[in-house]
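Notes for the one structure printed next.
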Amino acid sequence: MKLHATAEPGGSVPAVSFAGTDKPPYWDAAVAHLLKRDRILKKLIPLHPEVHLATQGEPFVTLARAIIGQQISTKAADAAWERCLAACGRRVTAGVVGKLGLAGLREAGLSQRKAEYLLDLAAHFQQRLVHPDQWTEMDDEAVIAELTAIRGIGRWTADMFLIFNLRRPDILPLDDPGLLRAISLHYFSGEPVSRFEAREVAQAWKPWCTVATWYLWKSL
């Protein structure tokens, strides 16, 4: 799965064509709950059988790729990531990015702002200002607080990280226009939907908002 933060906050619909054998342990229970509690998801979920949220690898790589992909198309994000990979010797780590420095990242084609964001991300990892080895044990808001202290990472990117990397079961990304668009389409006959209205709809999904969100993205 490739997480492209096509805007911050917001973006379009994240790439959600996941499959694989590492199904989250809560997935089947969540699906059973949603089929019972939500009439819309009862129709949508059977349209996407045998697919589920898959994990995404190293936290630093996930976040670096999210920053690089901000506010550009998926195609442009892929090309920018390939240039970054090449500049890093095919291994993107905090140490390698730090050694490249601003000049090296700019030579790889990154904008001044994105290069600065990547260096701040690398510094947070190198100086242990974030604790990725503890994130699996920390609650959602504690992880989000660490992530949003990094330049270039807002609430939307943090929510996407919790969904796609940590695979937290109950994330409701209200800053995501794709989710709001899907709720508008399926629950409000296409009428604009507020964050309050979206949150009200999602009450029936708890504690499995991540899974409901995933199927609504798939519906788009």
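Compared with the dominant Cα axis of the chain, that is its longest principal axis, helix 74-87 is turned about 30°. The label point for A79 and the one for R113, both projected 7 Å from the Cα toward the Cβ, are 1.9 nm apart.
Modelled spin-label separation between D22 and R90, with each label point placed 7 Å from Cα along the Cα-to-Cβ direction: 2.1 nm.
Multiplying the residue separation of S189 and E50 by 0.36 nm and subtracting their alpha-carbon distance yields 47.2 nm. When the label point is put 7 Å from the Cα of A29 along its Cα-to-beta-carbon vector, which residues of segment 169-195 have a backbone N closer than 13 Å? Under cut-off, by backbone N: 169-170. Anisotropy class assigned to segment 111-182 is oblate, per the alpha carbon gyration tensor with a/c at or over the 1.5 cut-off and a/b no larger than b/c. Annotation: per residue accessible area for segment 110-149 equals 55 Å², rounded to a whole number [probe 1.4 Å, protein chains only]. The three principal axes of the Cα atoms in the chain give end-to-end lengths of 54, 35, 31 Å, sorted in falling order. Ignoring ligands, DNA and RNA, what percent of the 1.4 Å accessible area of the chain is carbon and sulfur? On the chain, the fraction of accessible area on carbon and sulfur atoms equals 53 percent. Accessible surface calculations at 1.4 Å, restricted to protein heavy atoms, place segment 163-202 at 45 Å² per residue.
For segment 39-98, place one equal point scatterer on every Cα, skip the solvent, and apply the Debye formula. What is log10 of I(q)/I(0) at q = 0.14, 0.24 Å⁻¹? Evaluating at q = 0.14, 0.24 Å⁻¹ gives log10 I(q)/I(0) of -0.56, -0.97. Were the residues from L129 through L220 laid out at 0.36 nm apart, the gain over their Cα-Cα distance would be 29.0 nm. Taking the Cα-to-Cβ direction at R39 and at E58 and moving 7 Å from each Cα, how far apart do the two end points lie in nm? Modelled inter-label distance: 5.0 nm. The calculated 222 nm mean residue ellipticity attributable to helices in the chain amounts to -16000 deg cm²/dmol, summing -39500 (n - 2.57) over DSSP H runs of n ≥ 4 and dividing by all residues.
The values are calculated or read from the model by the stated rules, or taken from the named source; none is laboratory data. Just so you know, these numbers come straight off a predicted model, no measurement behind them. All Cβ positions, even for glycine, are placed from backbone atoms using ideal geometry, and neighbour counts span all protein chains on display. What goes into the accessible areas is simple: the full protein's heavy atoms, side chains included, and nothing from ligands, DNA or RNA. Shrake-Rupley method; radii C 1.70, N 1.55, O 1.52, S 1.80 Å.
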